[in-house]
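Worksheet: the structure to be examined is printed underneath.
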Amino acid sequence: MKSETRKDEIINTAAKLFKDKGYSAVTMRDLATAMGIKAASLYNHINSKQDILKEIIIDIAEAFTNGMSIIIASEVSNISKLKQVVALHVNITASNTNGMASLNNDWMHLEDQLDYYLKLRNEYENNFLKIIEEGISTAEIKQTNAEVIMFSMLSTLRSLYLWIPKKEDLNADDLANNLSEVLIEGINV
């Protein structure tokens with residue numbers, strides 16, 4: 001396992017501060033204080049608060065996009081693909097709840113990377129919708145509004161960063177299976 005660099009430590013500390021206070025409310029001085037260093041020392045490792053936000057959000061968005069590409073290319077049923085999407089969300093969120101908070105709450109503060117982020121998000125959502133639509137067309141998923149299904153699933157999956165930290169004994173595989181059962185199979189007996 002790769003050891004954490006000072007830059008990684010800065011990014012992880014910033015992600016926690018962004019989650020707790022919001023990107024706009026966090027200053028470089030706040031970050032330096034949280035790390036126990038002088039603000040000027042931060043600039044030996046990063047250029048700006050904006051660069052930190054870009055790194056947090058773009059890394060996670062690219063992880064989702066890459067994961068979705070693998071899922072789309074897999075030769076399994078659409079239900080299996082949806083279960084893989086749920087697992088992708090659980091695994092990324094479980095490993096970076098603070099970063100997920102920035103992805104969900106602070107993406108609009110991206111400056112020169114905003115268009116790129118929106119492209120990644122749109123591509124991801126289009127592929128998610130495509131899986132659902134193909135599932136409907138093959139009768140794996142009941143005939144209903146595909147966008148409503150996607151919205152319902154994404155609303156739950158995008159809010160996992162709020163819930164996961166409260167679960168000390170979290171097993172990501174169990175959570176992914178339980179979420180898949182509820183989100184995909186439903187709650188009917």
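What follows is calculated from the coordinates using simple rules that are stated; it is not laboratory data. Bear in mind the structure is a predicted one, so any value in this text is a computation, not a measurement. A quick note on method: Cβ atoms are made from the backbone with ideal geometry, for glycine too, and the neighbour counts reach across all protein chains shown.
Structural remarks
- Neighbour-count ranking [beta-carbon atoms within 10 angstrom, fewest first] of Met28, Met108, Met150, Met100: Met108, Met28, Met150, Met100
- Near-label residues of segment 77-117 by backbone N, under 15 Å of a point 7 Å along Cα→Cβ of Ser137: 78-79
- Across all directions, the average projected area of the convex hull around the alpha carbons of segment 94-142 is 4.7 nm².
- Inter-centroid distance (Cα atoms) of segment 151-181 relative to segment 25-74, Å: 23 Å
- Here the extension length gained between Ile37 and Ser74 equals 8.6 nm, from 0.36 nm per residue of separation less the Cα-Cα distance.
- Residue exposure sequence - Ile57, Ile136, Ile92 - by fewest surrounding Cβ within 10 Å: Ile136, Ile92, Ile57
- Compared with the dominant principal axis of the Cα atoms in the chain, helix 114-137 is inclined by about 20°.
- Computed lengthening from Phe151 to His45, 0.36 nm per intervening residue step minus Cα-Cα distance: 34.3 nm
- Taking a point 7 Å from the Cα of Lys130 along the Cα-to-Cβ direction, the residues of segment 141-164 with backbone N closer than 17 Å to it are 146-147, 150.
- DSSP-assigned coil residues among trypsin sites (Lys or Arg not before Pro) in segment 104-176, each with at most 13 further Cβ atoms within 10 Å: Lys142, Lys167
- Between the helical axis of 49-73 and the longest alpha-carbon principal axis of the chain there is an angle of about 20 degrees.
- The value obtained for the chain, namely the Cα convex hull volume divided by the number of residues, is 138 Å³ per residue.
- Violating pairs (Cα-Cα greater than 20 angstrom) within the set Lys54/Lys83; Lys7/Lys49; Lys16/Lys54; Lys83/Lys119: Lys54/Lys83; Lys83/Lys119
- Relative to the longest principal axis of the Cα atoms of the chain, helix 78-95 runs at roughly 20 degrees.
- Full extension of the chain between Thr27 and Leu170 gives 48.2 nm of extra length, using 0.36 nm per residue less the Cα-Cα distance.
- Label positions at Glu62 and Thr144, each projected 7 Å from the Cα along the C-beta direction, are separated by 3.7 nm.
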